[in-house]
Structure formats: structure tokens, C-alpha cells
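Since the structure comes first, as C-alpha cells, the remarks are kept for the end.
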Amino acid sequence: MLVTGGAGYIGSHAVHALRDAGRNVAVIDNLSTGFRFAVPDDVPFYEGDIADSALLARIFAEQGMGDGSGAIMHFAGSIIVPESVAKPLYYYENNTGKSRGLIEAAVAHGVPHILFSSTAATYGVPDVSPVTEQTPTQPINPYGWSKLMTEQMLADTAAAYPLNFCALRYFNVAGADPQVRTGQSTAGATHLIKVAVEAALGKRDAVSIFGTNYDTPDGTGVRDYIHVGDLAAAHVLALDALIAEPSRSLTMNCGYGRGFSVLEVLDAVDRVTGGRIKRVFAGRRAGDPAKLVADSALLRATVPWTPRFDDLETIIEHALAWEEKLPTLRRSAA
Ligand code: UDP
């Protein structure tokens, strides 16, 4: 089993989940945004780019993948929406183009299963809630398109070759490994829970609330925050589903099916820490929907997924624990 982007936030949690489940796992990561410390020392680590087809061939050979066996969990890619607006061609290369090469390598070597890290950004600004997999996909930025185009390549490839795939569309991923082995480490975070725990720990002065007049109960944006550990567990289960039914491909939402507003998140952080984060009311951020909540019925019906951390305060506690550990890791990695 090869994990691309296994040194990144979600990828490294998947690596731990696979290892905890007793699976063989190797990682390829170019460390452009990932961290070597996020990957356990006993996991084979290939520092390189998924665009390097010779390297992929070597990894498949060394890991005993190909000729109808093995699988790829594909996380490698860029994830910053405003950056995708400023540099669309980079996103279409780094996310879409390189995924095309990876899929081609899987076909060429006979790796039969691909699990793909997709996103609720494929839905754009949906006018329904909760969002099902049948909700029209209408991305509003190159990031969402770059992921949706990869889903399309996977679907077309699965129709033409002996390969099946699962695209998991993530809602708002947050938290960290409960054992504090990995977490969200990239500097300059923009995601609400990461930003809020940084503020709670004094790494920022305040949290800006982007929009206070949305059509939501308290006027701030509502999101479906899913614990990264539950998300990683869903990946392991989805992989099993791909192996069990090689003729079936899947596209599934990953969320809990309930939402919290920005104010509810900040209040929960305050409850966990006993402090008071400074709130600054700011204007809306371009492209933000009022509410984005997953209908996760398909995932729950398809795999025996029982979330363990569907609790906002637990998500925040784990995010805080990682945030407290991070400076030590950054120092020793420097
Ligand atoms: N948000 C906010 N302040 C921040 C970061 C985010 O008010 O510093 C809001 C944002 O407008 C949205 C929600 O929090 O309503 C989640 O945003 P995030 O960037 O975490 O994820 P997104 O839903 O954009 O993928």
C-alpha cells in the first residue's frame, strides 16, 4: 500500500491508521508542505514527487505492488483555495496533471485500487443542506475543479481498465491524532479550529469572524467539522470495501452530518481552555457558503464506520494537544 502525501496532515493520520490496523504501508512525499517527522521511522519513506514515474515504478517493485495487487491512497496535492485562484495552472498541474500521471502508473503496473482525497469544494456553494453525493458539483474555484477533474479521470479510467476507486469528499477536517503522534503542522494556517487554538495558546492575538449576517441561527458560517482520526478510519474501511468489491467504485461524503457555527466553535474552545479568545468581527470571505453540512448516509451504509470522536470539544482538545507539542518538533526538525 502506497500513501502519497503521507507526510501531510490527513495523509500522516491515514498512515498511522493503516499501521494501527496492521497493514503494510509506504509513503511518497516531496516534503513541499509535509514533514518528515509526521511519518513513523519504521515506515518506508520515499522522498520524491508523484510526477516521477521511474520512482513510482521502483516503489511498486520494492513494495510488491502491481500485477493486480496493492493499492494507492492519494493525498498529495495543494489545498489552498486563494492560492488556486491566483495560480490556477499550478493547481491543474500539481493536483490534476500529477494525478493523471499517478493513475497512468497504476494502470501501467496493474495496481488495482485507488483511494482519492477529494473535497466538499467540488460542490461549490450548494443551495441545499445537508449535501448528498447527488447534489450537483459546481466548483467555484480552481482548487475544487482540480479535484473534481481528478474524480472524473478516475471514473473514466475505472470504466476502461481493471481498476476501482473511491473518492472521499471531505468536509471540514480538524483535530489531531489522540495519541499526539501527528497533527496539523503547516505554518500560516487558515482553518478555523487551527486558527482558534493558535489564538488560545497566544500564538495569535485574535480570531477574525468572517461574516456575521449569514442566514444561519447566529449569523456566522456553519460547517461540519470532522475529526481527522475518524476520517483516517473511514479511509481504511473504504479501502477494504474497494478490495472486497473490485468492480465497484465509490464517491462518498465524509462528515458527521451536523454543523457548528463560527461562534459555537470559539465558545467551545473557550470552554476547553477556560480562557477567552478575542473575537474580531470581519467581513465575509469571498466564496464562503453560509452552511456546509454533509449527508453521510452513504458512507455509513457502505462501510461499518462508527465515529469515535464526534464531539466538538474532543476535536478541540486534540487540536490543542498537538498545537502544544508542535514547537518542540519544529525545533528538533530544524
Ligand atoms: N472562519 C472564520 N475565521 C477564520 C477562519 C474561518 O470566521 O479565521 C470561518 C469561515 O468563514 C467558515 C468557517 O469558519 O465559515 C470554516 O472556515 P475554514 O477556513 O476553517 O474552512 P472552509 O469551510 O473554508 O473550508
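Normalised by the number of residues in the chain, the average gap of Cα pairs under 8 Å and 6 or more apart makes the relative contact order 19 percent.
Positive-end ranking of Thr119, Ser84, Ile72 along the dipole of the stretch 48-149, with charges on Cβ about the Cα centre, is headed by Ser84.
Size descriptors for the stretch 66-165, from the alpha-carbon set: Rg then Dmax equal 14.2, 44 Å. Each Lys or Arg adds one and each Asp or Glu subtracts one; over the other residues with Cβ under 10 Å from the Cβ of Ala167, this totals 0. Remark: spin-label model distance Arg19-Thr306 equals 2.6 nm, labels positioned 7 Å along the Cα→Cβ axis.
To the nearest 20 debye, what charge dipole does the chain have about its Cα centre, counting +1 at the Cβ of each Lys and Arg and -1 at the Cβ of each Asp and Glu?
Here the size comes out at about 580 debye.
Between Ile140 and Ala61, the FRET efficiency estimated from the beta carbon spacing at R0 = 41 angstrom works out to 0.50.
Relative contact order, percent, of the stretch 189-272 when contacts are C-alpha pairs under 8 Å separated by at least 6 residues? Working shown, then result.
Working: 62 pairs, mean separation 28.8, N = 84.
After rounding, I find 34 percent.
The alpha-carbon of Lys203 sits under 22 angstrom from the alpha-carbons of these lysines, leaving out residues fewer than 8 places away in its chain: Lys194, Lys278, Lys325. Counted over the chain, the DSSP beta bridges are approximately 10% antiparallel.
What percent does the relative contact order of the stretch 55-170 come to when contacts are Cα pairs within less than 8 Å and at least six residues apart?
On the way: 166 pairs, mean separation 37.8, N = 116.
Averaging sequence separation for qualifying contacts and normalising by length gives 33 percent for the stretch 55-170.
Computed from the Cα positions only, the extents of the stretch 109-150 along the three principal axes stand at 42, 21, 12 Å, in decreasing order. Computed from phi, the 3J(HN,Hα) profile of the stretch 280-292 under the Karplus parametrisation 6.51, -1.76, 1.60 (θ = phi - 60°) reads 10, 7, 10, x, 5, 8, 4, x, 7, x, 5, 9, 9 Hz, with x in place of Gly and Pro.
Taking the alpha-carbon distance from Lys87 and a cut-off under 20 Å, which lysines remain once sequence neighbours fewer than 8 residues away in the same chain are dropped? Partners within reach: Lys98, Lys147. Only DSSP H runs of four or more residues enter the estimate; each adds -39500 (n - 2.57), and after division by the residues of the chain the mean residue ellipticity at 222 nm equals -12000 deg cm²/dmol.
Sorting Tyr46, Tyr143, Tyr90 from the fewest to the most surrounding beta carbons within 10 angstrom yields Tyr90, Tyr46, Tyr143. Net charge near Val222, counting Lys/Arg +1 and Asp/Glu -1 over other residues with Cβ under 13 Å of its Cβ? Result for the local shell: -2. From most to least packed by mean Cβ count within 10 Å, the peptides 324-332, 253-261, 69-77 give 69-77, 253-261, 324-332. Each other residue within a Cβ distance under 13 Å of Ala196 adds +1 if Lys or Arg and -1 if Asp or Glu, for a net charge of 0. In this structure the amide hydrogen of Ile209, modeled in the peptide plane, comes within under 5 Å of the amide hydrogens of Val280, Phe281, Ala282, none closer than 5 places in sequence on its chain. Quick one: of the DSSP bridges fully inside the stretch 186-328, what percent are antiparallel, nearest 5? The answer is about 25 percent antiparallel. Rounded, prolate or oblate: which fits the stretch 142-197, taking a ≥ b ≥ c as square roots of the Cα gyration tensor eigenvalues, rounded meaning a/c under 1.5, else prolate when a/b beats b/c? It comes out prolate by the Cα gyration axes. For the chain, the Kirkwood hydrodynamic radius comes to 20.2 Å, computed from all pairs of different C-alpha atoms. Sorting 232-238, 184-190 by their mean Cβ neighbour count within 10 Å, with the most densely packed peptide first, gives 232-238, 184-190. Distance between the modelled labels on Arg248 and Phe281, one decimal in nanometres: 5.0 nm (7 Å Cα→Cβ projection).
Read-outs throughout are calculated quantities, based only on the coordinates presented, and are distinct from any laboratory measurement. None of these values were measured; they are calculated from a predicted model. Positions of Cβ are backbone-derived with ideal geometry, glycine not excepted, and every protein chain shown enters the neighbour counts.
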